[in-house]
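Participant: Dropping a structure here in structure tokens format, bear with me for questions.
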Amino acid sequence: MLLPWALLTHLWRLLHPGFEPAPSILPREVIDDLDRIRDAWDVAGLAVALVLAPNGTRGWHDETLSFGRARDGVDVDADSLFSLASNSKLFTAAALGLLIENATATPAGSLAWDTRLVNVLPDWGLADAFASAEANLVDLLSMRSGLPRHDYSHTVNATQSTAVRLQHLAPSCAFRTTWQYNNAHYLVLSDLVSRLAAPLPAYIAAHVLGPLGMGTTTYDAAGARASGNRTDSYVRVGKDATACRASWETGRVNRTACRGLRRGIGWWTQGDGLGEAGAGGVISSARDMTKWLRELLSPRVLPSSFIARASTPLTIASPHAHLGVQAYGLAQFIGTYRGHSIVYHTGALAGQTSLVLRVPGAGIALAVLTNDDEAGAHDAVAYRLLDSLLGLDPVDWTTALQREQACRPLERAERPKHPVPPSVPPREVQGVYVHAAYPHLDLRVIDNVADADARRAPALRSPLDAAFASEIVLEHFDGDVWNWTLISEYHSDHDHDDCGHADDYADAGREGGQGSTPVRVVAQQGSALVLADGIGMYGDFWGAAPDVPRRWPGEGRVRAEVWFDKV
């Protein structure tokens, strides 16, 4: 049951006599709307940081709002810690901004925005020789190297640097022609900061977090947990896109089919997560984020020239349904919201999402942090806040965004009733497959009775030492075409689901503590070409930009996005 803000405030005053909470600049009905949005998306916990720059009638205004729960029995508050995920990228860019524009830890003039990577990173290289020689800092920061994401090449137990790994990854576009989101760019840049100055987390702590007074913000997931303030992450299982879409068409929305069931996983990684620090490692609270937001509106620690550069359009990004034509600067999107220019970025890791947005012309900055997979919630919250702060007629963003999600086209085709047998029998497909940059595959036929009976076709699986997937399943489709499914498996610290009932999953006995509960989530699906000498991945296995044409097995081996050789 949702309690209106007025009642919550009254209860606070009863429990804390003599203490008067600072008044919110937001109308109470807007604050109540934010919790209604959280409930409509079935999000576990939500925190908001809001900063308004001085105007003619008031000085700086900072406030935080919190709703829902951080973990079992603990409510979200201003100090609850969430992953910023990809909103960490601006911190990495800021480190380079300090090194370049303040000459911090480097001689003046020794590093510039147009410095080529080949001149400062000995192990740097790309498969495209021209791009390898010419790529500079801005090319990586603005996502225009020609490389797609290749996220599943990120390994848990890395044995080579990111820069070396990039040399073996295929580009999907020509250099500097197309914006394509790429986390690995920022891993390379964080390695550069480490080479020139100090490990990125230490550098940011000394030169950004400390001076800004962001005392609880950290890159250390284990330390955040030990503080008692880290939120638990929640993912979704059991979504049914077909049933969800049908329910919207009938006007009786099936919430379970659309939202799935919420499952706690603790955190997206069992370790400290520092391998992904440059791209998504920052963990922060709403209270600390007010200090970061104020810095973005009126910098005193970061060079103001860096803030201007970061929010200057450099590359045209993929269009956004509600924010118009998007451009990308340095770790920042630039777009418009209902006629107002905005600068923003989103972030998502398993069970954690963030949105950091500012309207420079109106002196507004906000951050929305959630411990849930439902990214639409942070959009709906942010847009509701903007409608109120900008004096716009409110839009029912929850309904609009959920309808859009439900009506997305379903891409995977049904298997033919009479498929052509594969040229390589399933038991001969078994074996080890390797790629110079990706984790190897060790495929084995699924012949467990329960698993085999549940499948429509011959299938194989392999464990995967990847940061964002732990298993791949191949299921025969037709001829030499197979379907692949990437699965992420997480281990919570609890044996109960969000509703307090025993979880449906058996203890897998893997890392995560005795009695930990594995939660399996489908990460992505696509198609593969399976031949005697290897396997080619298609269907956006490599994570190209939406406007890059998809590749399909029928185009042959030479068009594979990623090719694994059989050993």
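Participant: Thinking of the range 339-380 as a set of Cα atoms, what percent of all their pairs are more than 17 Å apart?
Facilitator: 33
Participant: Given the rule -39500 (n - 2.57) for each run of at least 4 DSSP H residues, summed and divided by the residues of the chain, what is its mean residue ellipticity at 222 nm, to the nearest 500 deg cm²/dmol?
Facilitator: -7500 deg cm²/dmol
Participant: Kindly give the semi-axes, whole Å and largest first, of the ellipsoid equivalent to the range 117-257, taking each as the square root of 5 times a Cα gyration tensor eigenvalue.
Facilitator: Over the Cα atoms of the range 117-257, the semi-axes work out to 35, 27, 14 Å.
Participant: Explain nothing, just the number: dipole magnitude of the range 221-326 about its Cα centre with +1 on each Lys and Arg Cβ and -1 on each Asp and Glu Cβ, in debye rounded to the nearest 20.
Facilitator: Result for the range 221-326 is approximately 360 debye, rounded to the nearest 20.
Participant: Take the Cα radius of gyration of the range 315-404 and divide it by 2.2 N^0.38 Å, with N its residue count; two decimals is plenty.
Facilitator: After normalising by residue count via 2.2 N^0.38 Å, the value is 1.04.
Participant: Now a separate question. Taking the dipole about the Cα centre of the chain, with the C-beta of Lys and Arg at +1 and of Asp and Glu at -1, give me whichever of Gly251, Ala348, Thr177 is farthest to the positive side.
Facilitator: Thr177
Participant: Just the Kirkwood number for the range 142-208, please: inverse of mean 1/r across all distinct Cα pairs, in Å, one decimal. Don't jump to the answer; show the numbers that get you there.
Facilitator: On the way: mean 1/r = 0.0764 Å⁻¹.
Answer for the range 142-208: a Kirkwood hydrodynamic radius of 13.1 Å.
Participant: If I ignore ligands, DNA and RNA and count only protein heavy atoms, how much of Thr346 is accessible to a 1.4 Å probe, in Å² to the nearest 10?
Facilitator: 50
Participant: Still on this structure: Among 214-222, 314-322, how do they line up by average Cβ neighbours within 10 Å per residue, starting with the highest?
Facilitator: 214-222, 314-322
Participant: Can you give me the three principal axis dimensions of the range 334-489 from its C-alpha atoms, in Å, biggest first?
Facilitator: So the extents along the principal axes, rounded to whole Å, are 64, 35, 27.
Participant: Need the full-extension length gain, Ser227 to Arg255, defined as separation in residues times 0.36 nm minus the C-alpha distance. One decimal, nm.
Facilitator: 6.6 nm
Participant: What per residue convex hull volume, in Å³, do the alpha-carbon atoms of the chain yield?
Facilitator: On the way: hull volume 91.2 nm³, N = 567.
Once divided by residue count, the hull of the chain is 161 Å³.
Participant: Quick one: with all protein chains in place, what share of the accessible area of the range 205-327 is carbon or sulfur, to the nearest percent (1.4 Å probe)?
Facilitator: Working: 2610 of 5130 Å².
Roughly 51 percent of what the probe reaches on the range 205-327 is carbon or sulfur.
Participant: Continuing with this model, one more query. What number does the range 33-82 give for Rg over Rh if you use C-alpha atoms and the Kirkwood radius?
Facilitator: Values: Rg = 13.6 Å, Rh = 12.2 Å.
Rg/Rh: 1.11.
Participant: While we're on this one: Considering all projection directions equally, how large on average is the shadow of the alpha-carbon convex hull of the range 28-134, in square nanometres? Can you show the working numbers first?
Facilitator: Numbers: hull surface 52.5 nm².
Average of the hull's projected areas for the range 28-134 equals 13.1 nm².
Participant: While we're looking at this one, here's another question. Which of the peptides 474-482, 204-212 is most tightly packed, and how do the rest follow, going by the mean number of other Cβ atoms within 10 Å of each residue?
Facilitator: The densest-packed peptide leads the list: 474-482, 204-212.
Participant: Here is a follow-up. Cut-off 20 Å, label point 7 angstrom out along Cα-to-Cβ of Asp547: give me the residues of the range 132-172 whose amide nitrogen falls inside.
Facilitator: Flagged as within label range: 139-150, 171-172.
Participant: Still on this model: Accessible area of Lys566, 1.4 Å probe, to the nearest 10 Å²?
Facilitator: Per-residue accessible area (Lys566): approximately 60 Å².
Participant: Please compute P(r) over all alpha-carbon pairs of the range 178-228, binned at 10 Å starting from zero, and give each bin as a whole-number percent.
Facilitator: Taking every Cα pair in the range 178-228, the percentages come to 22, 38, 32, 7, 0.
The values are calculated or read from the model by the stated rules, or taken from the named source; none is laboratory data. Please read all numbers here as calculations on a predicted model, not as lab measurements. Don't worry about glycine lacking a Cβ; one is built from the backbone with ideal geometry, like all the others, and counts go over all protein chains shown. Only protein heavy atoms, including side chains, enter the accessible area calculation; ligands, DNA and RNA are left aside. Shrake-Rupley method; radii C 1.70, N 1.55, O 1.52, S 1.80 Å.
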